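Undergrad: I am attaching a structure below and will ask some questions about it afterwards.
The values are calculated or read from the model by the stated rules, or taken from the named source; none is laboratory data. All of these numbers come straight from a predicted model, not from anything done at the bench. Heads up, the Cβs are rebuilt from the backbone with ideal geometry, glycines too, and the neighbour counts pull from every protein chain shown. Side chains included, ligands, DNA and RNA excluded: accessible areas come from the protein's heavy atoms. Shrake-Rupley method; radii C 1.70, N 1.55, O 1.52, S 1.80 Å.
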Protein chains: 2
Amino acid sequence: MFTPPPGAIAVIFLSGRSVADAQGYGAAADAMVEAASRMDGYLGIDSTRGEDGVGITISWWRDEAAAIAWRDDPEHARIRESGRAVWYDWYRVIVATVDRAYGWTRPTGD
Amino acid sequence: MFTPPPGAIAVIFLSGRSVADAQGYGAAADAMVEAASRMDGYLGIDSTRGEDGVGITISWWRDEAAAIAWRDDPEHARIRESGRAVWYDWYRVIVATVDRAYGWTRPTGD
């Protein structure tokens with residue numbers, strides 16, 4: 001189970017989907033993950049969206065420089081423009097530095 | 001649109017739901033939000049869960065002391081124990097400090 005180390009950067013993207021273009025959105029979301037995972041300093045991504053159309057995606061980065069490089073990546077910028085034009089009613093971006101992390105998994109077997 | 005100020009604390013809770021006890025879970029989730037919102041230093045909460053059972057909940061706190069007080073709150077601890085016993089297959093908790101935040105809303109009217 002992946003937990004980011006202290007000092008890693010979380011780029012938290014909260015969004016409300018418009019009803020437009022479900023197919024195009026799915027393809028772009030896949031392309032976004034693909035583009036992020038090719039970046040230096042990429043640690044992982046967690047994403048979910050509920051039935052109400054509200055989604056939370058968190059991408060994890062080694063350090064501030066890696067997060068900034070992702071923000072400025074041309075393919076990211078291009079997909080982001082489509083997001084504003086078509087897919088989102090609103091979004092919020094919060095950049096935060098990891099202080100601590102831990103995980104738990106249900107024990108199996110008994 | 002709420003965006004947390006720099007220095008605020010994000011408590012990021014990622015979880016995989018077990019299939020057990022959907023009704024009890026819903027009531028507990030509501031009770032958890034209610035308990036959090038009564039705490040000093042509570043700024044807000046964002047939460048979503050997808051069809052695959054993966055959920056992301058982020059509670060926002062004024063400072064580290066407020067986040068620690070929430071961690072140690074007895075009602076929170078009680079619900080957390082039920083979570084481990086019944087509702088979750090796994091979870092991860094990441095505590096992070098907000099560096100910057102911004103939001104966008106689709107312009108209306110034109």
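Undergrad: Using a probe radius of 1.4 Å on protein heavy atoms only, what is the accessible area buried between chains B and A, both sides summed, to the nearest 100 Å²?
TA: Adding both sides of the contact gives about 3600 Å².
Undergrad: Could you pull the accessible area for A:THR105 with a 1.4 Å probe, rounded to 10 Å²?
TA: My reading of the accessible area for A:THR105 is about 80 Å².
Undergrad: Here is a follow-up. Quick one: which residues, 5 or more positions from A:MET39 or on another chain, have an amide H under 5 Å from its amide H? H modelled 1.01 Å from N in the peptide plane, none for Pro or chain starts.
TA: Correct list: empty.
Undergrad: At 7 Å along the Cα-to-beta-carbon direction for both A:ARG106 and B:TRP90, put a label point, then send me their distance in nm to one decimal.
TA: About 1.3 nm separates the two model spin labels.
Undergrad: Normalised radius of gyration for chain B, please: alpha carbon Rg relative to 2.2 N^0.38 Å, two decimal places.
TA: Dividing the Cα Rg of chain B by 2.2 N^0.38 Å gives 1.16.
Undergrad: Of all GluC sites (Glu not before Pro) in region B:7-73, which ones are in loop regions per DSSP and have a Cβ with at most 15 other Cβ atoms within 10 Å?
TA: Here the GluC sites (Glu not before Pro) that fit, given the DSSP loop and packing criteria, are B:GLU51.
Undergrad: Given only helices, namely DSSP H runs of n ≥ 4 each adding -39500 (n - 2.57), what is the per-residue ellipticity at 222 nm of chain B, to the nearest 500 deg cm²/dmol?
TA: -9000 deg cm²/dmol
Undergrad: In Å², and per residue, what accessible area does the protein assembly as shown have when probed at 1.4 Å with the other protein chains present?
TA: 50 Å²
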